[in-house]
Amino acid sequence: MRWIKNVLKVKEWEKKVNAKEIEEIERQIRAVESEIKAIETKMDELNQSIKDDFSFEKLTEFRILLAKKKDLEHKLAVLKQKRTSKQEKLRSVYKEIKGVEAVKLRLEHELRRKENLSEMLRLNFFYLIKKFLVLLILVPVLASAQSAIQKKLKERKESSVDKELQIVSKKLEEKLRKLEEERKKLEELRQAEPKRKRFLQIFKSW
């Protein structure tokens, strides 16, 4: 982009130089045209004077003025040609400036497009990094949560097993208690059997 700015500076300088040159040429043209008009006025006056009172001196002066007028007309033609050439050059400079400015606009547009694309890529890159960091943070958290859930399930399972064991233990204790009671009853009956037999013998002997 710097070289375009340098080219534009050069072209702007050329434009100003050409414009000043054209302005100077036009000033010279006005001066020559004014001089020609003054000579033509003198020639008309001299011509009238010759008609009224002819003399070789007046005729010579008329010819001198005529030659000077021709020189000035030639100078005027050269100046006008030079002005036309400078005007063409100025138009060419204007076209070149417009062309360079068009190139500058295209390059700026392309640069903005690349910058926007680069910004989008940078934002996408940061978005991906952000997602990756979030995943890095979430994975341990999720793993910890899963571990906590598994721990709770295990605790619930162990608690359920403990409850079942307690119920089974109670049932076994109840059965053991009943068995103990039955055993005591049987023991009492066994101890009471000899007494019952003696009682029956005494009863029969009567």
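Restricting attention to the stretch 18-57, the residues that are in contact with a helix residue (DSSP H, G or I) (Cβ under 9 Å, 6 or more places away or on another chain) and assigned to a helix (DSSP H, G or I) add up to 20.
Let's see how each residue does on (1) surrounded by 13 or more Cβ atoms within 10 Å (Cβ to Cβ); (2) of a type outside the set (D, E, K, R); (3) under 60 Å from the mean Cα position of the chain (by Cα); (4) over 30 Å from N18 (Cα atoms):
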position	(1), (2), (3), (4)
L46	yes, yes, no, yes
D52	no, no, no, yes
T60	no, yes, no, yes
K70	no, no, no, no
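The set of residues from the stretch 29-44 being surrounded by 15 or more Cβ atoms within 10 Å (Cβ to Cβ) and within 60 Å of the chain's Cα centre (by Cα) comprises just one member, I29. With respect to the conditions (1) outside any helix (DSSP H, G or I); (2) in contact (Cβ under 8 Å) with a residue 24 or more places away in the chain; (3) among the aromatic types (F, W, Y), Y94 falls short on a single one, namely (1).
Can you name the residue in the stretch 4-29 that is among the polar types (S, T, N, Q) and modelled with pLDDT of 90 or more and is also farthest from G99 (Cα to Cα) among such residues? That would be Q28.
Is it true that S85 is out of contact with any helix residue (DSSP H, G or I) (no Cβ under 8 Å at 6 or more places or on another chain) and surrounded by 12 or more Cβ atoms within 10 Å (Cβ to Cβ)?
Criteria met by S85.
Kindly check whether there is at least one residue in the stretch 112-128 that is closer than 26 Å to A19 by Cα, at pLDDT 85 or above and either part of a helix (DSSP H, G or I) or among the hydrophobic types (A, V, I, L, M, F, W, C) (or both). No: zero hits.
The values are calculated or read from the model by the stated rules, or taken from the named source; none is laboratory data. Model, not experiment: these values are computed from the prediction. Glycine also receives a Cβ, built like all others from the backbone with ideal geometry; neighbour counts cover every protein chain displayed.
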